[in-house]
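Contents: one structure, followed by commentary.
The numbers here are math on the coordinates, done by the rules we state, and not lab data. As the structure is a prediction and not an experimental result, all values here were calculated from the model. Methodologically, a virtual Cβ is constructed for each residue, glycine included, from the backbone with ideal geometry; neighbour enumeration extends over all protein chains shown.
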Amino acid sequence: MKSIFLLSMFTVVWGQQTVDMSITNNLEGKEDLNIHCQSKDNDLGLHLLHINQTFNWSFRTNLLGGTLFFCSFQWGNGSLLHFDVYQQSRDIKFGRICHWYIHKDGPCRYEVKPDRPPSEANRKCYKWN
């Protein structure tokens, strides 16, 4: 019975993936960027990023799927914009590193699947939610 419990625990831990998340201020005009990121369970607070500064954190994905981190972004006197920086169903295929570069027209990243060399990364930009 004890071995079945331990095997179950190893399966749960092994099935989760640790994700290293980064958000970098690449705003044109070199403006400061205010961000506030959170998930259902974790509020990472407000952060001010000067140009080229990065905010980093790590988390473990949900074994059953559904891990979601979302952020709000604001600079200057502009509107508060939102984006889901990690959607497990969309992002799990890109491995454990997720790095966003924030531009005025939307967040961008270099997407490469773990079984491919970094030279095959594709820059992909998204629209604000």
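Results, tabulated for the structure shown:
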| read-out | value |
| --- | --- |
| The range 47-58 - phi-based ³J(HN,Hα) in whole Hz, Karplus 6.51/-1.76/1.60, Gly and Pro as x | 9, 10, 10, 6, 3, 6, 7, 10, 10, 10, 7, 10 |
| At R0 = 22 Å, FRET efficiency that the Cβ-Cβ distance of THR18 and SER79 yields, to 0.05 | 0.05 |
| Estimated FRET transfer efficiency (LEU63, CYS125; beta-carbon r; R0 30 Å; 0.05) | 0.45 |
| Computed [θ] at 222 nm, deg cm²/dmol, the chain (DSSP H ≥ 4; -39,500 (n - 2.57); rounded to nearest 500) | -4000 deg cm²/dmol |
| The range 85-100 - phi-based ³J(HN,Hα) in whole Hz, Karplus 6.51/-1.76/1.60, Gly and Pro as x | 6, 9, 10, 3, 5, 8, 9, 4, 6, 9, x, 8, 10, 10, 10, 9 |
| Over the chain, relative contact order from alpha-carbon pairs under 8 Å, at least 6 apart, % | 24 percent |
| Fraction of antiparallel bridges per DSSP, the range 17-125 only, in percent to nearest 5 | 85 percent |
| Max mean-square fluctuation residue, GNM over the chain, Cα-Cα springs under 10 Å, options ASP41, ASP20, ASP91 | ASP41 |
| Global form of the range 17-125, assessed from the alpha-carbon gyration tensor, a/c cut-off 1.5 | oblate |
| Where Cα atoms sit under 29 Å apart: lysine pairs in the chain separated by 8 or more or lying on different chains | 17 |
| Cα long-axis angle, helix 2-15 against the chain (0 to 90 degrees, to the nearest 10) | 20 degrees |
| Placed amide H near PHE59: partners under 5 Å, 5+ positions off or other chain | VAL19, MET21 |
| Fluctuation leader among GLY106, GLY95, GLY78 - the chain, Gaussian network, Cα springs under 10 angstrom | GLY78 |
| Segment ASN52-ILE92, length gained on full extension (0.36 nm per residue, minus Cα span) | 11.8 nm |
| ³J(HN,Hα), Karplus 6.51/-1.76/1.60, whole Hz, each residue of the range 19-25, x for Gly, Pro | 10, 9, 9, 9, 10, 10, 7 |
| Most mobile listed residue (THR54, THR18, THR67) in the chain, GNM with C-alpha springs under 10 Å | THR18 |
